[in-house]
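Read through the structure below, which is laid out as structure tokens, and then see the notes.
The values are calculated or read from the model by the stated rules, or taken from the named source; none is laboratory data. Everything quoted here is computed from the prediction, not taken from an experiment. Virtual Cβ from ideal backbone geometry, glycine too; neighbours counted across all protein chains shown. The area values use the complete protein model at the heavy-atom level, side chains included, leaving out ligands, DNA and RNA. Shrake-Rupley method; radii C 1.70, N 1.55, O 1.52, S 1.80 Å.
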Amino acid sequence: MSGEKTSGGQARPTSSGPSGRPADRPAGRPGDQLSDRPGDRLSDRPSEVEPVLEAVDVTKHFPARGGLRRGGSRRVVHAVENVSLRLYAGRITALVGESGSGKSTLARLLAQLHPLTSGEVRLHGEPVVAPRGRAFREYVSKVQLILQDPFSSFNPVSTIAGTLKRAVSIHQPEKRGKEQEAVIEDLLTQINLMPPRQFTEKYPHELSGGQLQRLSIARALAAGPEVFLADEPVSSLDVSIRLGILNLLRRLTEERNVAMLYVTHDIASARYFAADTAVMYAGEVVETGPSEAVTQEAAHPYTQLLIASAPDPSRGGAGRIRDIGQPPSLIDPPKGCRFHPRCPFAMERCKTDVPPSFPLGGEHTTRCWLYADDAEARARRAENTKAVADLTTGAPAPAEANTQ
């Protein structure tokens with residue numbers, strides 16, 4: 001299979017193309033590396049700005065195999081539990097967590113692919129009810145999902161031109177014939193696949209993973225959406241290809257002033273790619289805030305564990321936050337804080353009481369009893385702070401936080 005082809009640095013127009021969207025910049029421009037700070041390229045969010053898309057106390061339970069519990073209650077998988085999340089125009093929000101934490105399920109709930117068990121999704125402040133038909137089509141014209149595996153998201157017996165023509169005919173039905181072809185060429189130009197005619201007559205199996213993921217983005221662009229839901233858009237791609245896809249998504253977010261949810265298990269990429277980060281564990285959001293604060297001043301022990309798990313040469317031979325358990329069953333999730341069976345700093349209340357959201361300054365919040373205002377919590381928080389500081393400086397970690 002051939003490698004991913006780009007424009008080779010050819011100059012491209014900056015005026016709007018036939019699709020009515022801003023045309024792409026040169027593929028080889030100096031800005032092809034992610035900036036060190038999300039705010040360097042993404043506008044700061046004013047506190048009074050309303051979110052484009054919002055999840056409010058969203059819960060999703062799936063029926064579990066195995067029938068009924070004793071007593072007659074039906075067994076369910078607690079995939080997402082009371083999650084609230086806001087997406088803002090021109091801003092990328094990362095949703096981070098390990099496999100099985102509920103990230104992709106939440107993205108699909110926002111895309112209206114699953115009905116909610118409780119809670120609501122709001123678009124521009126208005127509750128969304130779009131299960132099917134015209135209401136659903138109007139909704140997906142504004143909220144587009146970009147799937148993780150580009151190979152399985154394309155019809156293998158349809159050419160790229162056929163796939164994109166269908167998308168354009170659905171979302172821009174007034175475009176016909178030559179106008180439709182011009183829209184498709186403009187979409188391919190925007191995603192740096194040039195010349196367009198080199199790709200339109202090919203089938204999905206004739207293209208690389210990176211090229212197909214760019215085409216997935218082009219298909220989403222055909223709708224002219226206000227929100228992108230990118231479900232691990234680079235996890236199935238070669239490392240050498242990922243940066244180009246992330247840069248493309250970031251540029252489209254800025255130029256079109258759209259909101260983006262970036263679902264990933266890589267908290268390191270979240271810091272450099274997203275302005276805001278929400279950390280999800282066992283169906284619940286446990287920490288949220290600006291990406292710089294969440295990754296550099298992580299408060300929740302689970303966030304600290306994710307960061308410690310990411311390769312970092314600067315840590316040298318230092319220890320790691322100790323992981324003393326396994327992810328819980330979502331059919332019978334633990335009471336209280338769902339992370340307490342794995343947390344080396346857990347207290348008795350963690351086993352029985354669900355922690356509220358504690359503000360940490362600015363927009364940074366965490367759901368962890370370590371930040372309660374009492375003597376026991378302050379003492380355990382001091383232990384946690386010392387363990388994290390020792391890991392950062394490379395000093396030996398205390399017994400509570402050493403890797404066994």
Taking P311, is it open to solvent by 20 Å² or more (accessible area, probe 1.4 Å), more than 21 Å from K386 (Cβ to Cβ) and at pLDDT 95 or above?
no
Hey, can you tell me all the residues within region 361-372 that are at pLDDT 95 or above and either part of a strand (DSSP E or B) or open to solvent by 30 Å² or more (accessible area, probe 1.4 Å) (or both)?
H364, T365, T366, R367, W369, Y371
Starting from residues that are in contact with a Phe, Trp or Tyr (Cβ under 9 Å, 6 or more places away or on another chain) and open to solvent by 70 Å² or more (accessible area, probe 1.4 Å), keep the ones in region 156-191 and report whichever is nearest to V234 (Cα to Cα).
P156
Just for region 80-91: of the residues that are in a strand (DSSP E or B) and open to solvent by less than 10 Å² (accessible area, probe 1.4 Å), which one is farthest from I331 (Cα to Cα)?
L87
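For (1) without any contact (Cβ under 8 Å) to a residue 12 or more places away in the chain; (2) small (G, A, S); (3) farther than 30 Å from A55 by Cα, each residue gets a yes or a no:
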{"residue": "V143", "(1), (2), (3)": "no, no, no"}
{"residue": "S153", "(1), (2), (3)": "no, yes, no"}
{"residue": "K165", "(1), (2), (3)": "no, no, yes"}
{"residue": "L215", "(1), (2), (3)": "no, no, no"}
Of the criteria (1) over 23 Å from L243 (Cβ atoms); (2) under 28 Å from the mean Cα position of the chain (by Cα); (3) open to solvent by 20 Å² or more (accessible area, probe 1.4 Å), which one D149 fails:
(1)
From the set of residues in region 232-247 that are touching a helix residue (DSSP H, G or I) at 6+ places or on another chain (Cβ under 7 Å) and either of a type in the set (S, T, N, Q) or modelled with pLDDT of 95 or more (or both), which is least open to solvent (accessible area, probe 1.4 Å)?
N247
Being within 14 Å of P301 (Cβ to Cβ) and open to solvent by 20 Å² or more (accessible area, probe 1.4 Å) is the filter here; which residues of region 344-359 pass it?
A346, F358
Could you give me the residue pairs with C-beta distances under 7 Å whose first residue belongs to region 261-281 and is modelled with pLDDT of 95 or more, whose second residue is among the basic types (K, R) wherever it lies, and which are 6+ apart or on separate chains?
V263/K103; A275/R91; D276/R91; M280/K103; Y281/R338
If Y262 meets every condition in (1) more than 30 Å from A161 (Cβ to Cβ); (2) assigned to a strand (DSSP E or B); (3) of a type in the set (S, T, Y) apart from one, which number is that one?
(1)
Contact list please: Cβ distance under 8 Å, first residue in region 113-127 and farther than 14 Å from T59 by Cα, second residue exposed (fewer than 13 other Cβ atoms within 10 Å of the Cβ), pairs at least six apart or on different chains.
H124/E50; G125/E50
Matching residues in region 92-136 - criterion: being open to solvent by less than 50 Å² (accessible area, probe 1.4 Å), part of a loop (DSSP other than H, G, I, E, B) and farther than 30 Å from P327 by Cβ:
G125, V128, A130
Pull up region 197-229, narrow it to residues that are of a type in the set (D, E, K, R) and in a helix (DSSP H, G or I), then point me to the one that is least open to solvent (accessible area, probe 1.4 Å).
R214
